[in-house]
Amino acid sequence: MPLATFMKIKSALRLAALDPRALALALEPGMALADARARHPALLAIEANPSAEAKILTDILAWSRRFTPLAALDAPDGIMLDVSGAAHLFGGEEKLQAEIEARFQAQGLTARTALAPTPEAAWALARYGHVLRPLISFLPDGLDERRLARALGPLPLAALRLDTGLVAGLARAGLRRVSDIILRPRAPIAARFGTHLFARLDALLGRTKSAISPRFEAPPYLAERRFAEGIVARDGIEAIILSLAQDLCTLLTRHGEGARHLEASFFRVDGAVKHLDVRTSRALRDPEAMARLFRDRIEALGDAGLEADYGFDVLRLSALAVESKGEDQASLDDTLNSENDLAGLIDRLGARLGVRRVTRLSMQDRHDPDFAVVYVPAASRARPRKCAPRDISSDAEIPALPPRPLRLLLHPELIEAIASVPDGPPLRFRWRRVLHEIAAVEGPERIAPDWWKEAPGFTRDYFRAEDRDGQSFWLFREGLYRETIEPRWFMHGLFA
Amino acid sequence: MPAGSSERVDFLRARIASLEAAGGSFVPARSWCSRGWPSASAQDLRVSLGDARAPCSLDQALRGGLPWGGLHEIVAARPGDRAAASGFTLAVAARFAAHQAKTSAKIIWIIETRALRETGTPYGPALSSCGVDPAHLVLVETRDAQESLWAMEEALKCRSPAAVIGEIWGLAKIYDLAASRRLVLAARKSGTPGLLIAAGLAGAADRLSSGAGTRFEIATGASPRLPSAGGRMPLPGKTVWAARLVKARAGPHGFGFDRGKLHRLSWDPEKACFRDALSLGVLSLSGDRASRPAWSLSTGERGAARDFHEDQIGAEARSA
């Protein structure tokens, strides 16, 4: 049964994509659905789902990075791969193309591939190459311009990626093929149809570097290994990561740089891809340390682990962010070594527990006790601001802050307290179901809310209270009697 | 805040004396040259908790102080004393840091999430009152006890931290002789002191059995309160800890100690050491009280009641 998808284009249902049987029935994309059904009532038409198609294309892109990391989307139905340096891994460009076609077939996808010296030529051959007799899908590198022009001549003008109005105009003028434009003088055609037509032609033939080229995301350094069959055992994977790290470090040493963001990509035999990334606090060039960080990261994945069902057959280690790094020099008192030691510990803890769980304290200049300290990830470069040493010897007119509790509760907890009205200190209170009798109290310290905000909240009167057993608490009463009828008491911190 | 030069000189003198007594080759205890060489004499070196010239009563019970590279456990006496136990541990870590060769050595504090929720998170502005600069602290938050023990072992394997504090909650099932032995070995090999706060075992200090070298039980003591004017409640004084030595490894000469004795200690920020806290009835002498404003972060002493009132007005004017 011929299959087609349809979409609503300008309030009419039109065919979007067709399978080979439908194409054989002389149906075309863009034809109205009603016309198509009238001709062939047996046509099966389903609604197109562009978002699902885009997602599938992205998955295919992620999987096709196994051939080369330089892969880019060519929406809506294609992928562009830059295989400039990767052909020798497969034994030549023709073998690479055969391998790509075989892999796509194994995945159950019908793909038309074309390999050419320029991206525009590859695009043209992939989409319109089927009109060529004999069928060409491969143009070897180093082809001179005349042969290239002869090979690409029979292609229709739409292969230059021109819009349909321009193509129709050229067809009315009798220009239908690429060969028609190559040989004719340029000036009259450019005067009527514009010059970008010739810019495209030059890019196709390789005379100029095209201004429009797909954007490739290429990591600065990478090392990869391919295997004939999938690797499943974790020891094997860790050993391979170590050897990849050694290759990567050789590359980094040659350029005098160290890696700060590493990514390990695991390509599974059945098409799934898994990425693990690790960030470090200093430029790293030691293969043992890199392997160890990845080992901690794999352990942190838990019991499921890497999910290597049938094995991974391509493993790639890339350095996504690098920094220049000189040679390691041992200093006389080994201060450099101790910094590296601590940084290595922070990296290992961050790899296993998560980067945000290893933090340092950064003091902020805020009067609100909740925001006076900010926790900064220890691996980041910014040095936390040191708490300014208080000058106790000078006679300061503004006295220093009252003592603060050693432990601050994450959220202030509601307590029941008895205190004399209106602003007396508490006499006894109940917190977490335990009654405390207060024997000594200091305060109040009044901390006002941020008056510049729209809903500022209530003023807090903080008290430092010590109970009969000697335990000290930091409580506050929220709300003055002129602000609210019923102020509430909260517990905010505990003293040492 | 760091220990004065006189303290370092005393430390070096003690070190040289022990070396001369041992008669062995020169192996510096905490310098980087002795990478990986287990130095037997490092075990004999002890860090005194009080001032070297005026040792506190706990130092005498410990026969000199706490040894370097070892594991020390701290347990709270009651559930409400957990914050005090962490304050005591922080002060002990500050003592270790003061004896370090470099002044920028970091203290690593590993906290389990449950302990964070129960007792709260360490608050930066108060750390200097226990002798630690907030810029030298690295906080590690872990999800459960197993992860905390792993993180503590990893941190103890490094030589650069001044001390490693681990505040772990769920130790009941997984902490036994074997687990503690791993921590002890890691600490001994690298020379980094480890301080384990058994936060979930408040009140169970006597029942805990492990391979650690020393164990303290910490409770809060009533602080020396100052009277306030007008018949109001007295003002709380400096923080006082009541420490009980539950376990201590016998030194080369062997000794016994009194397990029931409570040592009352407080922290002196100026000299960065512990001091014996005077009993409740004796007020602070005039030498401790200067003509400074009432809220003075350095010593935490309270001025006279008159200073308090003047400052009360100043505080209100400041925050209004």
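The values are calculated or read from the model by the stated rules, or taken from the named source; none is laboratory data. Since the model is a prediction, treat every value here as computed from it, not as a measurement. Don't worry about glycine lacking a Cβ; one is built from the backbone with ideal geometry, like all the others, and counts go over all protein chains shown.
The table for this structure:
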{"item": "Any hit, the stretch B:249-272, residues being in contact with a Phe, Trp or Tyr (Cβ under 9 Å, 6 or more places away or on another chain) and at pLDDT below 80", "result": "no"}
{"item": "Verdict on B:LYS189 being modelled with pLDDT under 85 and surrounded by fewer than 21 Cβ atoms within 10 Å (Cβ to Cβ)", "result": "no"}
{"item": "Filter pass, B:ALA115 being within 18 Å of the chain's Cα centre (by Cα) and among the hydrophobic types (A, V, I, L, M, F, W, C)", "result": "no"}
{"item": "B:ARG232 vs. criteria surrounded by fewer than 17 Cβ atoms within 10 Å (Cβ to Cβ) and either within 11 Å of chain A (Cβ to nearest Cβ) or hydroxyl-bearing (Ser, Thr, Tyr) (or both)", "result": "yes"}
{"item": "Hey, B:PHE88 facing another protein chain (nearest Cβ under 9 Å), in contact (Cβ under 8 Å) with a residue 24 or more places away in the chain and of a type in the set (Phe, Trp, Tyr) or not", "result": "yes"}
{"item": "Test for B:LYS247: is it buried (at least 19 other Cβ atoms within 10 Å of the Cβ), basic (Lys, Arg), within 30 Å of B:GLY170 (Cα to Cα) and touching a residue at least 24 places away in the same chain (Cβ under 8 Å)", "result": "yes"}
{"item": "Complete set of residues in the stretch A:431-471 that are assigned to a strand (DSSP E or B) and surrounded by fewer than 13 Cβ atoms within 10 Å (Cβ to Cβ)", "result": "A:VAL434, A:LEU435, A:GLU437"}
{"item": "Residue within the stretch B:133-148 that is under 26 Å from A:ALA496 (Cα atoms) and of a type in the set (Lys, Arg) present", "result": "yes"}
{"item": "Spans of helices (runs of 4 or more DSSP H) in the stretch A:135-186 with at least 1 residues under 37 Å from the mean Cα position of the chain (by Cα) and surrounded by fewer than 16 Cβ atoms within 10 Å (Cβ to Cβ)", "result": "A:164-172"}
{"item": "Elements of type strands (runs of 3 or more DSSP E) contained in the stretch A:1-74, each with 3 or more residues being among the charged types (D, E, K, R)", "result": "none"}
{"item": "Residue within the stretch B:141-150 that is surrounded by fewer than 20 Cβ atoms within 10 Å (Cβ to Cβ), among the polar types (S, T, N, Q) and within 13 Å of chain A (Cβ to nearest Cβ) present", "result": "yes"}
{"item": "Criterion (touching a Pro at 6+ places or on another chain (Cβ under 9 Å) and more than 21 Å from A:SER64 (Cβ to Cβ)) met by exactly one of A:ALA319, A:ALA289", "result": "A:ALA319"}
{"item": "Subset of the stretch A:269-281 that is of a type in the set (D, E, K, R), assigned to a strand (DSSP E or B) and touching a helix residue (DSSP H, G or I) at 6+ places or on another chain (Cβ under 9 Å) - its residue that is surrounded by the fewest Cβ atoms within 10 Å (Cβ to Cβ)", "result": "A:ASP277"}
{"item": "Positions within the stretch A:226-266 being free of Cβ contacts under 8 Å to residues at least 60 places away in the same chain and either touching a Gly at 6+ places or on another chain (Cβ under 7 Å) or surrounded by 20 or more Cβ atoms within 10 Å (Cβ to Cβ) (or both), in sequence order", "result": "A:CYS249, A:LEU262, A:ALA264, A:PHE266"}
{"item": "Given (1) more than 11 Å from chain B (Cβ to nearest Cβ); (2) over 17 Å from B:THR119 (Cα atoms); (3) loosely packed, with under 14 Cβ neighbours inside 10 Å, index of the condition A:GLU478 fails", "result": "(3)"}
{"item": "Total residues in the stretch A:428-443, condition within 8 Å of another protein chain (Cβ to nearest Cβ) and not small (Gly, Ala, Ser)", "result": "4"}
{"item": "Cβ-Cβ under 6 Å pairs, at least 6 apart or on other chains, the stretch A:441-468 side outside the structural domain of A:TYR481 (by TED's automatic domain parsing), far side crowded, with 16+ Cβ neighbours inside 10 Å and charged (D, E, K, R)", "result": "none"}
{"item": "Residues of the stretch B:71-102 classified as over 20 Å from B:VAL9 (Cβ atoms) and within 14 Å of the chain's Cα centre (by Cα), total", "result": "18"}
{"item": "Residue match in the stretch A:77-90 (condition: buried (at least 17 other Cβ atoms within 10 Å of the Cβ), part of a helix (DSSP H, G or I) and not assigned by TED's automatic domain parsing to the domain that holds A:LEU320)", "result": "yes"}
{"item": "Residues being touching a residue at least 60 places away in the same chain (Cβ under 8 Å), within 24 Å of A:ALA400 (Cα to Cα) and not charged (D, E, K, R) - total across the stretch A:341-377", "result": "2"}
{"item": "Tabulated pairs, the stretch B:159-174, first more than 14 Å from every other protein chain (Cβ to nearest Cβ) and more than 18 Å from B:ALA98 (Cβ to Cβ), second hydroxyl-bearing (Ser, Thr, Tyr) and surrounded by 20 or more Cβ atoms within 10 Å (Cβ to Cβ), C-beta under 8 angstrom, 6+ apart or interchain", "result": "B:ILE168/B:SER148; B:ILE168/B:TYR175"}
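One line per residue, one yes/no per condition, for (1) buried (at least 24 other Cβ atoms within 10 Å of the Cβ); (2) of a type outside the set (Gly, Ala, Ser):
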| position | (1), (2) |
| --- | --- |
| B:ALA54 | no, no |
| B:GLN60 | no, yes |
| B:TRP68 | no, yes |
| B:GLU73 | yes, yes |
| B:ARG82 | yes, yes |
| B:ALA85 | yes, no |
| B:LEU90 | yes, yes |
| B:ALA93 | yes, no |
| B:ALA97 | yes, no |
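Quick grid of which residues meet (1) over 22 Å from the mean Cα position of the chain (by Cα); (2) within 25 Å of A:LEU345 (Cβ to Cβ); (3) modelled with pLDDT under 90; (4) basic (Lys, Arg):
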residue	(1), (2), (3), (4)
A:ARG226	yes, no, yes, yes
A:GLU229	yes, no, yes, no
A:ILE237	yes, yes, no, no
A:CYS249	yes, yes, no, no
A:GLU263	no, yes, no, no
A:PHE266	no, no, no, no
A:ALA272	no, no, yes, no
A:ARG282	no, yes, yes, yes
